[in-house]
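The values are calculated or read from the model by the stated rules, or taken from the named source; none is laboratory data. Just so it is clear, the model here is predicted, and its values are computed rather than measured. Cβ placement follows ideal geometry from the backbone for every residue including glycine, while neighbour counts extend to all protein chains displayed.
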Amino acid sequence: MKKNDPYAALRYKEFNTFLVLRFAMVFAWAMQFIITEWQVYSLTKDPLSLGIIGLMEIIPAISMALFAGHIVDQNEKKGLLLKCILGFSIISLGLFLLTWPPFISGYSTKIVLYAIYFMVFLGGLVRAFLGPTIFSLLALIVPKKVYPNAATWSSSVWQISSVLGPAVAGFSINWIGVHGSMCIVLGFSVFALALLTQIETKPILNPKIGEPMMQSLKEGVKFVYTNKMILGSLSLDMVAVLFGGAVALLPIFAQDILKVGPEGFGVLRAAPAVGAFMMMFISAYVPLNKNAGMKLLVSIFLFGICMIVFGLSTIFWLSVFALFLSGVVDGVSMVIRQTILQLKTPDHMRGRVAAVNSIFVGSSNELGAFESGLTAKLFGTVRAVVFGGSMTLIIVLATGIFAPKFRKLDLQKDIEEHENQ
């Protein structure tokens, strides 16, 4: 492998298939979440209803996460991923029917709303298993010497698809309606199933097959807690998403504040995707490993500033620019965090560490949506976003001051050790 080869991981055929599969699943999931938000807000015109969507997904995602991590470490990953994609497809089909006027014409708005919440709840169950499974499968597809490069590409694809999906949802709602948009989501889930057939079954690397569940869970939580670099990176990213994320309130900004309608909503959602797309190529060519701790702190600090600017802006293109920059710096944060996790997690514990990661970060998207919806209901939409961004700045500054070891984190030594293996 060439030193600093930006395409090292892409030279493995299965990894390319994995990236396309991951893009399809994250794109479909993100698109589905935004379509659901738009539909629910259109039915209720209540900001709190957007928060409830997040709450319905976070309850099962958090409560089942550690159990899911144990199951992932004890079983073959491809088979588990197949079950996750099938579960998502069934949920997508349910939401497809719940947005089809002939199907729901005989039901009241309240019944339809509760049925949507139930589907989102089931999605949280699937999500609890999906994240740890994908994280563990990645480490089985490429050799250790290209983990950092694979983490960069995988993180970048996640970042792009997680923002591009909602952006496309905004445009498709305007062009073909909510029901037609859900049909696109269903199509992507079927496409992901087809891609999975191109990945071979992988061995189970856990030497403790049959280990009692409680002992397994205790070991996983203890590992994350005692590894301060992993714990610090997860905590910081959780704070940024929990307090700094304003994406759950974008339907309100688009409809009531900026008054730009579905097309403007699509542009707002696309702005972070463009920033993340640029960061994918930059981080592949310019590694972020040196002074990774400081870079992570600065990126999350700038993310908080972007959210404050977005919250205060009443000018559409200034709002778009703030979201674009948030995508850039969020991409930096994600690449560094995923590199830390891949480099510092043993193979036999990847499922459990990824499960803890999903509690800290993955589920904080939905908890952040609930927090944003609740604070918007109590204090107003603009104040909610500014408050969240301000809290992000305060916590990042406190971490930088009181955690000097994390601030001085440098991943270059770990990377050199893996390259020599």
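Of all the numbered requirements in (1) at pLDDT 85 or above; (2) in contact with a Leu (Cβ under 6 Å, 6 or more places away or on another chain), Ile58 misses one, and that requirement is (1).
Okay, residues lined up against (1) in a helix (DSSP H, G or I); (2) closer than 26 Å to Lys228 by Cα:
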{"position": "Lys290", "(1), (2)": "no, yes"}
{"position": "Leu302", "(1), (2)": "yes, yes"}
{"position": "Phe310", "(1), (2)": "yes, no"}
{"position": "Leu318", "(1), (2)": "yes, no"}
{"position": "Gly331", "(1), (2)": "yes, yes"}
{"position": "Gln338", "(1), (2)": "yes, yes"}
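Mind listing just one residue for me: the one in the range 296-308 that is in contact (Cβ under 8 Å) with a residue 60 or more places away in the chain and not aromatic (Phe, Trp, Tyr) and, of those, surrounded by the fewest Cβ atoms within 10 Å (Cβ to Cβ)? The extreme case among them is Ile305. Look at Gly220 and say whether it is under 22 Å from Leu409 (Cα atoms) and surrounded by 17 or more Cβ atoms within 10 Å (Cβ to Cβ). No, not satisfied. Look at (1) more than 12 Å from the chain's Cα centre (by Cα); (2) buried (at least 24 other Cβ atoms within 10 Å of the Cβ); (3) closer than 19 Å to Trp38 by Cα; (4) of a type in the set (A, V, I, L, M, F, W, C) and you find that Cys183 fails only one, number (2). Here Ile199 meets each of (1) part of a loop (DSSP other than H, G, I, E, B); (2) within 16 Å of Gly69 (Cα to Cα); (3) in contact with a helix residue (DSSP H, G or I) (Cβ under 6 Å, 6 or more places away or on another chain); (4) of a type in the set (A, V, I, L, M) with one exception, condition (2). Please verify whether Gly123 is over 20 Å from Ala169 (Cβ atoms), of a type outside the set (Lys, Arg) and either in a helix (DSSP H, G or I) or modelled with pLDDT of 95 or more (or both), treating the condition exactly as stated. For Gly123, the condition - over 20 Å from Ala169 (Cβ atoms), of a type outside the set (Lys, Arg) and either in a helix (DSSP H, G or I) or modelled with pLDDT of 95 or more (or both) - is not met.
Ala150 meets the stated requirement of being crowded, with 24+ Cβ neighbours inside 10 Å, over 20 Å from Trp29 (Cβ atoms) and under 19 Å from the mean Cα position of the chain (by Cα). When Phe23 is tested against (1) within 18 Å of the chain's Cα centre (by Cα); (2) surrounded by fewer than 20 Cβ atoms within 10 Å (Cβ to Cβ); (3) among the aromatic types (Phe, Trp, Tyr), exactly one condition is not met: (2).
Only a single item in (1) within 19 Å of Asp330 (Cα to Cα); (2) at pLDDT below 80; (3) part of a helix (DSSP H, G or I) is not met by Glu263, and it is number (1).
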